[in-house]
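Everything below concerns the one structure shown next.
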């Protein structure tokens, strides 16, 4: 009896199309990506420079509110 070659009996090796890794997807990050200049964190709001800024004004002899320059 002649044997018929079936696909299960003779496996074929097919080439697979694997994507090539690019330089952008390298495992090691570049030096420019990891080196960040040390920048001091800024406060959320501007802190008053002077001493007593609550309230930030004074009332003069005529009853007019005058802003304290150190609180601006």
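Some points to look at:
- Take the Cα of residue 59, step 7 Å toward its Cβ, do the same at residue 36, and the gap between the two points is 5.0 nm.
- Counting 0.36 nm for each residue step from residue 13 to residue 52 and taking away their Cα separation leaves a gain of 5.7 nm.
We did not get these values from a lab; they are worked out from the coordinates using the rules stated. None of the values given here were measured: they were computed from a predicted structure. Don't worry about glycine lacking a Cβ; one is built from the backbone with ideal geometry, like all the others, and counts go over all protein chains shown.
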